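What follows is a set of notes on a single structure, which appears directly below.
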Amino acid sequence: MTFSQKDPSALLSDDEREAAVQRLQEVYAEERISYEEMDQRLGHVLTAKTHGELASALASLPEEIPAPASTIAAAGGRIRRRGAWRVPRVLKVGSAYGRVRLDLSRAVIEHPVVDIELQLGTGGARITVPRDAIVDVEGLSTGWKDLRYKARPSPRPGGPKIRIFGTMGYGRLRIRHARR
């Protein structure tokens with residue numbers, strides 16, 4: 001449901017405002033609007049109180065281009081990415097029995113938001129994110145072991161937002177921020 005389809009007089013939540021800001025940043029990063037237009041619309045989004053005000057600030061934005069998903073899968077064995085690899089906007093990782101190691105600390109991250117979908121059976125996973133990354137694990141379901149992640153107390157602005165979701169069977173997911 002888009003903002004224009006909701007009750008125009010309903011008050012906005014912080015999450016809805018943040019989603020609108022991210023949408024503007026993505027459209028600007030794709031060079032589909034000018035800096036001046038993004039700045040003007042951003043001012044409207046940040047001062048909007050209702051869905052109607054937000055919908056007018058986002059009106060006539062170019063259509064959202066769905067990001068193609070890249071998939072890494074293995075029935076058994078290891079899945080490992082490290083070094084200067086290019087992180088796609090949407091990454092799907094599937095493994096029935098193996099371990100997963102994703103190191104994003106030196107990776108090329110071109111998107112303000114990266115979605116990582118995990119579909120893991122019995123193997124564990126370890127994900128290293130950049131120091132300034134903001135990590136969201138709200139959509140992750142763990143079966144047997146709990147998630148090990150300690151969020152940074154005050155993340156630096158400007159880092160990517162890494163959203164991790166999906167299902168973990170019998171393995172444990174460990175997420176840590178890079179030290180450098």
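The values are calculated or read from the model by the stated rules, or taken from the named source; none is laboratory data. All figures in this text were calculated on a predicted structure; none of them were measured in a lab. Note: ideal-geometry Cβ built from the backbone for every residue, glycine included; neighbour counts use all protein chains shown. Just so you know, the surface numbers come from the protein's heavy atoms only, side chains and all, with ligands and any DNA or RNA stripped out. Shrake-Rupley method; radii C 1.70, N 1.55, O 1.52, S 1.80 Å.
Out of the residues in the stretch 4-41 meeting the condition of being among the hydrophobic types (A, V, I, L, M, F, W, C) and within 20 Å of the chain's Cα centre (by Cα), tell me which one is nearest to Asp115 (Cα to Cα).
Within the stretch 4-41, the match that is nearest to Asp115 (Cα to Cα) is Ala19.
Going through Ala73, Ala96, Ala69 one at a time, which residue ends up being under 27 Å from Arg176 (Cβ atoms) and within 17 Å of the chain's Cα centre (by Cα)?
Ala69
May I ask you to list pairs of residues, at least six apart or on different chains, whose Cβ atoms are under 6 Å apart, with the first in the stretch 38-58 being under 18 Å from Tyr28 (Cα atoms) and the second being of a type in the set (Lys, Arg)?
If the second residue must be of a type in the set (Lys, Arg), the pairs left are Ala57/Arg41.
Given (1) under 20 Å from Asp15 (Cβ atoms); (2) surrounded by 15 or more Cβ atoms within 10 Å (Cβ to Cβ); (3) of a type in the set (Ser, Thr, Tyr), where does Ser154 come up short, assuming only one miss?
In the conditions (1) under 20 Å from Asp15 (Cβ atoms); (2) surrounded by 15 or more Cβ atoms within 10 Å (Cβ to Cβ); (3) of a type in the set (Ser, Thr, Tyr), Ser154 misses (2) alone.
Scanning the stretch 159-180 for residues that are outside any strand (DSSP E or B) and under 21 Å from Gly94 (Cα atoms), which turns out nearest to the chain's Cα centre (by Cα)?
Arg172
Hey, can you tell me all the residues within the stretch 134-143 that are in a loop (DSSP other than H, G, I, E, B) and either open to solvent by less than 20 Å² (accessible area, probe 1.4 Å) or of a type in the set (Val, Ile, Thr) (or both)? Show your work before the answer.
Step one: of the stretch 134-143, the residues in a loop (DSSP other than H, G, I, E, B) are 137-139, 143.
Listed by number, the list holds a single entry, Val137.
Going through the stretch 114-133 one residue at a time, which ones are crowded, with 19+ Cβ neighbours inside 10 Å and of a type in the set (Val, Ile, Thr)?
Val114, Ile116, Ile127, Thr128, Val129
For the stretch 157-177, enumerate the residues that are open to solvent by 100 Å² or more (accessible area, probe 1.4 Å) and within 15 Å of Arg126 (Cβ to Cβ). First the steps, then the outcome.
Looking only at the stretch 157-177, we keep the residues that are open to solvent by 100 Å² or more (accessible area, probe 1.4 Å), and these are 157, 170, 174, 176.
Across the stretch 157-177, the qualifying residues are Arg174, Arg176.
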